1. Cβ-Cβ under 7 Å, sequence separation 6+ or interchain: first residue in region 193-208 and under 21 Å from GLY142 (Cβ atoms) and in the same structural domain as GLN64 (by TED's automatic domain parsing), partner assigned to a strand (DSSP E or B) and aromatic (Phe, Trp, Tyr). Which pairs?
2. Among the residues of region 112-136, which ones are under 30 Å from THR102 (Cβ atoms) and in contact with a Lys or Arg (Cβ under 8 Å, 6 or more places away or on another chain)?
3. With respect to ASN135, determine if the residue is within 21 Å of the chain's Cα centre (by Cα) and more than 25 Å from ARG51 (Cα to Cα).
4. Looking only at residues that are touching a strand residue (DSSP E or B) at 6+ places or on another chain (Cβ under 9 Å) and among the small types (Gly, Ala, Ser) in region 133-159, which one is modelled with the lowest pLDDT?
5. Across region 76-126, what is the number of residues that are exposed (fewer than 15 other Cβ atoms within 10 Å of the Cβ) and in a loop (DSSP other than H, G, I, E, B)?
6. Taking only pairs six or more apart or across chains, which ones have beta-carbon atoms under 9 Å, a first residue in region 89-112 that is hydroxyl-bearing (Ser, Thr, Tyr), and a second residue that is in a loop (DSSP other than H, G, I, E, B) and buried (at least 17 other Cβ atoms within 10 Å of the Cβ)?
7. Could you tell me which residue of region 48-70 is modelled with the lowest pLDDT, considering only residues that are under 20 Å from ARG119 (Cα atoms) and among the basic types (Lys, Arg)?
8. Can you find, within region 97-132, the residue that is nearest to SER157 (Cα to Cα) among those that are at pLDDT 90 or above and among the hydroxyl-bearing types (Ser, Thr, Tyr)?
Amino acid sequence: MKKSAFIFLMCASSLTGANCLAQTDTLKIETELQQDQDFYYRNKYRYLDVRLGDEDRLLKLGIQPFKPSDKFSFLVFTLHGAFEQKINTSLSAVTEVNSIMTWTEGEAFHLQGLSLGGRYYFLKRRDIEQGRSGNNLQGIYGMFKMSDLLSLITTRSGSSGYDPSSHNPHLGRYIKGSLTPELGIGFQQRLDYHLYFDSAIACNYSILDNEFGFQISLLFGVLFSYTK
């Protein structure tokens, strides 16, 4: 009888220990799964769903290493800086400073211009309502701006009688104002927390020179966003 009771107690102890061990393993697995899910969602937001974040203003620094035109010229290089401020859900105001450099045989041209304008993000309200976007400055937009309202222009070239061995080319520098309204459509998207892509197609009209123009921009760069 005593022997049977002893065997029964040994079996009960073994089962209790096995149950505790199983519970410990289950908790450990659940904790690891929760950590994996947290890591997944953090990185999913960071790399895939950056469009869901809210932002009130952007500071952007970008480059355009060539000028798209009839002949894609790689002798035109643009540095782009902009500050974009939300006015309401769909509308924003933009201040831009562009530094454009071109090179041709015997001449270099450098323009630093200030532009002011605004953007209207067509689908922003709908995307927010459908949970596909945060209240931010990303998506398809229509734009209006006054291009190069004030510009500092620098030219460097060989003048008449120029001696290449003198290393002293003719340098010209002057300030120019312009009235060039520009209308277009574009798309701006974050690629990560601090990387963005912005492309646009626009047409413009120079009031002072009485000339129409066409512009394509493809900008890549870094940005810094701020919220209230």
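The values are calculated or read from the model by the stated rules, or taken from the named source; none is laboratory data. Everything numeric in this text was worked out from a predicted model, so none of it was measured. Glycine gets a Cβ as well: all are built from the backbone with ideal geometry, and neighbour counts include every protein chain shown.
1. Close Cβ pairs (under 7 Å, with a partner that is assigned to a strand (DSSP E or B) and aromatic (Phe, Trp, Tyr)) amount to PHE197/PHE220; SER199/PHE187; CYS203/PHE212; CYS203/PHE214; TYR205/PHE212.
2. SER115, LEU116, GLY117, GLY118
3. no
4. Ranking the qualifying residues of region 133-159, first place goes to SER159.
5. Final tally of qualifying residues: 7.
6. Close Cβ pairs satisfying both conditions: THR89/ASN135; SER92/LEU137.
7. Per the criteria, the residue is ARG51.
8. It comes out as SER99.
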